[in-house]
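Read-outs throughout are calculated quantities, based only on the coordinates presented, and are distinct from any laboratory measurement. Everything numeric here is computed off the predicted structure, so don't read it as measured data. In this analysis, Cβ positions are derived from the backbone assuming ideal geometry, glycine residues included, and neighbour counts consider all displayed protein chains.
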Amino acid sequence: MRKRFFYAGRTQMQSFLTPPWRQTFRRRLNAWYARGARDLPWRRTRDPYRIWVSEIMLQQTQVKTVIPYYERFCKRFPTIIDLAEASEEQILQHWEGLGSTGVEGNCMQQQKKSWLKTMEKYQGLAKN
């Protein structure tokens, strides 16, 4: 059984999670981010589709490698509908060079299916 350490009637972990500690941590974290944040294309948008594309690409390789692929991909497939209407071959053409194409292509296809199911369920926007 784990021993618990108490500090002023709280466990040690709880004492770190007090509102003043969280506020200080949040302020410091935001200041750190403001000092070092890179200007990345997916940070300039609130479009869930484009953020989703960046997340998939960033799982495969480094940020500096992803940027030109992301920009080309979003130019060719600007919306989820454009992506849904594209063939697997067209998608893979724009994905080529980002890593081992088979893995990324399969990943993209699975993500595309998942996204379309979500859209169909909640918004009715997916095309068959």
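Once the other residues with Cβ under 12 Å from the Cβ of S54 are scored (Lys, Arg +1; Asp, Glu -1), what is the net sum? Please list the in-between numbers first.
Numbers: positive: R43, R44, R50; negative: D47, E55, E71.
The answer is 0.
Would you order I56, I51 from fewest to most other beta-carbon atoms within 10 Å of each residue's own beta-carbon?
Working: I56 20, I51 12.
Taking fewest neighbouring Cβ atoms as first place, the list is I51, I56.
Could you calculate the FRET efficiency of E88 with Q59 from 1/(1 + (r/R0)^6), where r is the beta carbon distance between them and R0 is 25 Å, rounded to 0.05?
Taking R0 as 25 Å, the efficiency between E88 and Q59 is 0.85.
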